[in-house]
Amino acid sequence: MEKRGEKMKVLKLLIPIVVTLLLTTSFAFAMPQKFSGKVTFVSNRDSNEEIYVMNADGTNVMRLTNDPAFDRQPELSQNGKEIVFVSNRISAGNFEIFKMKADGTNQVRLTTHPGFDGNPSWSPNGKLITFVSDRDGNEEVYIMNADGTNQTRVLATTGNERDPMFTNNGKEIVFASDIDGDNEIYIMNVDGTNVRKLTDNTSEDFLFAVSPNGKYIAFTSDRDGNEEIYTMNIDGTNQVRLTNNAARDANPFWSPNGLFIVFQSNRTGDVEVYIMKADGTNVTNVTNNVAFDAFATWSVGTVK
């Protein structure tokens, strides 16, 4: 009887602990993902394409541009203080590159050329911007200072180059090119030397982003019949598909800590901004309206 009484005492002590553990574990699994930082994106929710910013969890959405023209291709600087973007507003006459503070103030035009200037992207230290221009006949990769000075072409080919982006050390640039007939992803030194091909197939590989640690590239490809998001090592090895559905999943961009990827998808009918873990799991819709929400980039800081 004494042994049975001792067992009952032990059980009475263990039950509250087990219940607490179960509740804690269940609560942990029920907790939504927490995203830090801020995300810029393009939306036509106010009748034309403008640039917006929001907390990475989709809260506190704010409109940053207000112009009857198209404002596109925003990218936050890595310190979260400035945004570079493209606009064809009347003052430009054609698509030119602008920048502004992260709150939308101090909008400054950086390029003034009758050709197309677009696809701008910051260097890691925020001192340089790489972009594409067709001012010399076809779309080529250029670099300029963050104030728009010293615009220099760093690559000249017979194809069209798109979407240039610095690697995390600022010494190389990843870009897409159709020089071989379809869009493939390449990497080169920042001065245009040592060009290497990272993808090689008959599909379109484009709309990509380099991870913050410089080890991986998330990219868009239609190699499996429709646009899906993939990742690969910075040298092009280990290409892995992350999304798998009948929708168009495209334009990935890494979170500042490299744990998540923001992207756009029309899986619910209209194009929305989504976030998923870097392995493709736990997909979360962070915009939810009937408008076009796309071209998201992610940086540090919080929207105030």
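The values are calculated or read from the model by the stated rules, or taken from the named source; none is laboratory data. This one's a predicted model, so the numbers in the text were calculated from it and none came from an experiment. Glycine also receives a Cβ, built like all others from the backbone with ideal geometry; neighbour counts cover every protein chain displayed.
Working only within segment 208-265, note down all residues that are at positive phi and surrounded by 22 or more Cβ atoms within 10 Å (Cβ to Cβ). Outline the logic, then answer.
Taking segment 208-265 and keeping what is at positive phi, we get 214, 225, 236, 238, 251, 258.
251, the sole residue that qualifies.
Residues that are in contact with a Phe, Trp or Tyr (Cβ under 9 Å, 6 or more places away or on another chain) and outside any strand (DSSP E or B) within segment 267-304 comprise 267, 270, 271, 278, 282, 283, 286, 287, listed in sequence order. Return the residues of segment 59-68 that are buried (at least 17 other Cβ atoms within 10 Å of the Cβ) and closer than 28 Å to residue 282 by Cβ; say none if nothing qualifies. Listed by number, the list holds a single entry, 61. The residues of segment 203-220 that are touching a Lys or Arg at 6+ places or on another chain (Cβ under 8 Å) and polar (S, T, N, Q) amount to a single one, 203.
Filtering segment 266-299 to residues that are modelled with pLDDT of 95 or more and at positive phi leaves 280, 282, 295. For segment 283-298, the condition of being surrounded by fewer than 17 Cβ atoms within 10 Å (Cβ to Cβ), more than 16 Å from residue 41 (Cβ to Cβ) and not hydroxyl-bearing (Ser, Thr, Tyr) holds for none of the residues.
To keep it simple, each residue is scored yes or no on (1) closer than 18 Å to residue 189 by Cβ; (2) at pLDDT 95 or above; (3) of a type in the set (D, E, K, R); (4) crowded, with 20+ Cβ neighbours inside 10 Å.
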site	(1), (2), (3), (4)
113	no, no, no, no
116	no, no, no, no
130	yes, yes, no, yes
136	no, no, yes, no
149	no, yes, no, no
158	no, no, no, no
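If you check 120, 74, 124, which single one turns out to be in a loop (DSSP other than H, G, I, E, B), surrounded by 14 or more Cβ atoms within 10 Å (Cβ to Cβ) and touching a residue at least 24 places away in the same chain (Cβ under 8 Å)? It would help to see each step written out before you state the result.
Values: 120 fails: in a loop (DSSP other than H, G, I, E, B); 74 fails: in a loop (DSSP other than H, G, I, E, B).
Criteria check complete, one pass: 124.
Scanning segment 34-55 for any residue that is at pLDDT 50 or above, among the aliphatic types (A, V, I, L, M), under 30 Å from residue 290 (Cβ atoms) and part of a loop (DSSP other than H, G, I, E, B) turns up nothing. The set of residues in segment 39-84 being under 23 Å from residue 265 (Cβ atoms) and among the acidic types (Asp, Glu) consists of 46, 49, 50, 57, 71, 75. So which of 284, 268 ends up being touching a residue at least 60 places away in the same chain (Cβ under 8 Å) and more than 24 Å from residue 103 (Cα to Cα)? One residue alone meets the criteria, 284. If you go through segment 173-189 and pick out every residue that is surrounded by fewer than 22 Cβ atoms within 10 Å (Cβ to Cβ) and closer than 15 Å to residue 120 by Cα, you end up with 0.
Screening segment 77-111 for residues that are assigned to a loop (DSSP other than H, G, I, E, B), surrounded by 18 or more Cβ atoms within 10 Å (Cβ to Cβ) and among the small types (Gly, Ala, Ser) and picking the one that is nearest to the chain's Cα centre (by Cα) gives 77. Just to be sure, is residue 245 more than 22 Å from residue 173 (Cβ to Cβ) and not hydroxyl-bearing (Ser, Thr, Tyr)? Considered against the rule, which asks whether it is more than 22 Å from residue 173 (Cβ to Cβ) and not hydroxyl-bearing (Ser, Thr, Tyr), residue 245 comes out as yes. Only one of the listed residues (177, 121) is under 16 Å from the mean Cα position of the chain (by Cα) and hydroxyl-bearing (Ser, Thr, Tyr). That residue is 121.
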